[in-house]
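Accompanying notes for the structure given below.
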Amino acid sequence: MNETKLNEFLGKVVGDIGAAMSAVMVLLGDKLGLYKGIAKLGPCTSAELAKETGTAERYVREWLGNQAAGGYVVYEPKTERYHLPPEQAFALADEGSPAFMPGAFQLINAMFKSEPRIFENFRTGEGLDWCDQDQSLFEGTERFFRPGYVNNLVQAWLPTLDGVVAKLQAGGKVADVGCGHGASTIVMAQAFPKSRFVGFDYHKGSIEVARRRAKAAGVEDRVAFEVASAAAYPGDNYDLVTLFDCLHDMGDPLAAARHVRKTLSKSGSWMVVEPFAGDKLEENLNPVGRVFYAASTCVCVPASLAHHGPALGAQAGEKRTRALALEAGFSSFRRATQTPFNLVYEGKA
């Protein structure tokens, strides 16, 4: 045994242990408003942060020690104060930031809560339906993906599609399939007031939240949310049908793709946003791939298997996704654009 290599590996393990335990600290910091509090106060003591957030100083002191050790906050020994640098505040305290990350830690929480079921699934090969996951998955999914939609969907993604922006500006008809809490639907509705939007999801609880969000955003007059599956949602002649980060989760993605093609107008576009992935395993052996494979094990693959699906997984890649679209009857399917976390495709009937 090479002792140097062993120690190097143990160093990685200790780092992962610290990261895993500190995920709980991030959840606490987010829920208790500690990140927002320290961002507001600037350099402060644990007592000052506790007073600002209505929390107990002794717990805050220990939390700050963890956060300082991990580099999430900065401790100044001379003044015995803590502060949140602007870069960390951008990622931890600003919900409108494209880099806002606490939602991802809610996803981690959901994964830990699903572990007993996933353990059994490894033995049986069975699935775990999306609807049967913990509530933190639904909340975390929206909070994790919404910043990307707010900062990319209208500004960078839709303009890469064939004539879609002009249609929506004039007054188009859009179906957002697998809409969850409706973040993507509402973002589009706010940008294109002449168009009408319908968000579909088979999870009733998410649709109820989406309706409340639409009302709060003042777009309920042109946005509707309905409970429906991806392979049987109502309506036709849509100018745009969107699927955000959900095709690979589906029990029958081919049936969903065929239904999308059936419900599109002749010149309509199918917009598919999927996790960034290469077509070969070795292309995904990186930090982003590590995250997506873990999420896929506990969320994506079991969601599909719960409906006896093909379990494409979060790292399905462009080749498999294109093959599915062409099998569904689309005449063309291309990568329209990409981000470090997403691939954005356009299909044409």
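Report the full-extension gain for the segment Cys131 to Asn2: residue separation times 0.36 nm, less the Cα-Cα distance, to one decimal in nm.
On the way: separation 129, 0.36 × 129 = 46.44 nm, distance 4.71 nm.
Taking Cys131 through Asn2 to full extension adds about 41.7 nm, to one decimal.
In the structure displayed, which of Lys167/Lys215; Lys167/Lys204; Lys167/Lys266; Lys262/Lys348; Lys167/Lys348 lie more than 20 Å apart, Cα to Cα?
On the way: Lys167/Lys215 24 Å; Lys167/Lys204 30 Å; Lys167/Lys266 13 Å; Lys262/Lys348 11 Å; Lys167/Lys348 15 Å.
Those over the limit are Lys167/Lys215; Lys167/Lys204.
With 10 angstrom as the radius, rank Thr337, Thr141 by how many other C-beta atoms surround their C-beta, starting from the fewest. Kindly include the intermediate steps, with their values, before the conclusion.
Details: Thr337 17, Thr141 25.
Ordered from fewest to most neighbouring Cβ atoms within 10 Å, Thr337, Thr141 come out as Thr337, Thr141.
Could you tell me the relative contact order of the chain? Use alpha-carbon pairs under 8 Å, at least six residues apart, and round to a whole percent.
On the way: 620 pairs, mean separation 44.2, N = 349.
Value for the chain: 13 percent.
Roughly speaking, what is the centre-to-centre gap between the stretch 217-254 and the stretch 1-53 when only Cα atoms are used, to the nearest Å?
When both Cα centres are located, 38 Å separates them.
Divide, for the stretch 200-257, the radius of gyration over alpha carbons by 2.2 N^0.38 Å, where N is the residue count. Could you put the intermediate results ahead of the total?
Numbers: Rg = 12.4 Å, N = 58, 2.2 N^0.38 = 10.3 Å.
Dividing the Cα radius of gyration by 2.2 N^0.38 Å gives 1.21.
Highest GNM mean-square fluctuation, the chain, Cα pairs closer than 10 Å: which of Pro86, Pro193, Pro77?
With Cα springs under 10 Å in the chain, the top fluctuation among Pro86, Pro193, Pro77 is at Pro77.
Debye calculation, C-alpha points only, no solvent: report log10 I(q)/I(0) for the stretch 219-324 at q = 0.11 Å⁻¹, in the same order as the q values.
-0.39
Could you give P(r) for the stretch 145-348, binned at 5 Å from zero, as whole percent values over all Cα-Cα pairs?
Reading upward from the zero bin: 1, 8, 16, 21, 22, 17, 9, 4, 1, 0.
Could you work out the mean projected area of the convex hull around the alpha carbons of the chain, in square nanometres to one decimal? Mind showing how you got there, number by number?
Numbers: hull surface 80.7 nm².
The Cα convex hull of the chain, projected and averaged over all directions, gives 20.2 nm².
Which distance in nm do the two modelled labels at Leu254 and Gln169 give, with both placed 7 Å along the Cα-to-Cβ direction?
Placing both labels 7 Å along Cα→Cβ, they lie 4.0 nm apart.
Rounded, prolate or oblate: which one fits the stretch 101-223, using the alpha carbon gyration tensor with axes a ≥ b ≥ c (rounded when a/c is under 1.5, else prolate when a/b beats b/c, else oblate)?
On the way: a/c = 2.31, a/b = 2.16, b/c = 1.07.
Prolate is the answer for the stretch 101-223, as a/c is 1.5 or above and a/b outweighs b/c.
Remind me, relative contact order of the stretch 228-349 in percent, using alpha carbon pairs under 8 angstrom and six or more residues apart?
On the way: 240 pairs, mean separation 38.7, N = 122.
32 percent.
If I stretch the segment between Lys280 and Ala191 completely, what's the gain in nm (0.36 nm per residue apart, minus their alpha carbon distance), one decimal? It would help to have the intermediate numbers written out before the result.
On the way: separation 89, 0.36 × 89 = 32.04 nm, distance 3.71 nm.
Gain on stretching Lys280 to Ala191: 28.3 nm.
Of all GluC sites (Glu not before Pro) in the stretch 31-129, which ones are in loop regions per DSSP and have a Cβ with at most 14 other Cβ atoms within 10 Å? Working shown, then result.
Working: sites: Glu48, Glu52, Glu57, Glu62, Glu80, Glu87, Glu95, Glu120, Glu126; in loops: Glu80, Glu95, Glu126.
Listed in order of number, the matching sites are Glu80, Glu95, Glu126.
How would you rank Ser46, Ser97, going from fewest to most other Cβ atoms within 10 Å of each one's own Cβ?
Arranged by neighbour count, lowest to highest, Ser46, Ser97 become Ser97, Ser46.
Hey, got a sec? Which trypsin sites (Lys or Arg not before Pro) in the stretch 1-110 land in a DSSP loop and have at most 16 other Cβ atoms within 10 Å? Let's see the in-between values first.
Numbers: sites: Lys5, Lys12, Lys31, Lys36, Lys40, Lys51, Arg58, Arg61, Lys78, Arg81; in loops: Lys78.
Taking the stretch 1-110 and a limit of 16 other Cβ atoms within 10 Å, the loop trypsin sites (Lys or Arg not before Pro) found are Lys78.
Taking the Cβ of Pro302 as the center, what net charge do the other residues with Cβ under 10 Å away carry, scoring Lys and Arg +1 and Asp and Glu -1? Walk me through the numbers before you get to the answer.
Values: positive: Arg117; negative: Glu126, Asp129, Asp132, Asp249.
Cβ neighbours under 10 Å give a net charge of -3.
Given springs between every Cα pair under 10 Å in a Gaussian network model of the chain, which of Ala224, Ala166, Ala189 has the largest fluctuation?
Taking springs between Cα atoms under 10 Å, the residue moving most is Ala166.
Check cross-link reach from Lys280 to the lysines: straight Cα distance under 23 Å, and skip same-chain residues fewer than eight apart.
Within the straight-line limit of under 23 Å, Lys280 reaches these lysines: Lys319.
Would you mind giving the three semi-axes, in whole Å and largest first, of the ellipsoid equivalent to the stretch 3-91 according to its Cα gyration tensor?
27, 14, 12
Order by neighbour count: Met25, Met101, fewest other Cβ atoms within 10 Å first, most last. Working shown, then result.
Numbers: Met25 19, Met101 16.
Least to most surrounded, the residues fall as Met101, Met25.
Under a Cβ-Cβ cut-off of 14 Å, what is the net charge of the residues other than Leu168 that fall near it, where Lys and Arg count +1 and Asp and Glu count -1? Please report the intermediate quantities before stating the final value.
Numbers: positive: Lys167, Lys173, Lys194, Arg196, Arg222; negative: Asp162, Asp176, Asp239.
Local net charge: +2.
Could you work out the relative contact order of the stretch 37-141? I mean the mean sequence separation of Cα pairs under 8 Å and 6+ apart, divided by the number of residues, in percent.
21 percent
Specify whether the C-alpha gyration tensor of the stretch 291-349 places it in the rounded, prolate or oblate class, a ≥ b ≥ c being the square roots of the eigenvalues: rounded for a/c under 1.5, otherwise prolate if a/b is larger than b/c and oblate if not. Don't jump to the answer; show the numbers that get you there.
Details: a/c = 3.28, a/b = 1.38, b/c = 2.38.
Oblate.
In deg cm²/dmol and to the nearest 500, what is the mean residue ellipticity at 222 nm of the chain if only DSSP H runs of at least 4 residues count, each as -39500 (n - 2.57), divided by the residue total?
That calculation yields -15000 deg cm²/dmol at 222 nm.
Between Ala216 and His308, what length comes free when the chain is fully extended (0.36 nm per residue of separation minus the Cα-Cα distance, one decimal in nm)?
Details: separation 92, 0.36 × 92 = 33.12 nm, distance 3.74 nm.
Gain in length upon complete extension: 29.4 nm.
Any read-out appearing in this document is the output of simple, stated calculations on the displayed coordinates, not a laboratory observation. Values in this document were obtained by computation on a predicted structure and should not be read as measured data. Positions of Cβ are generated from backbone atoms using ideal geometry, with glycine treated the same way; all protein chains shown enter the neighbour counts.
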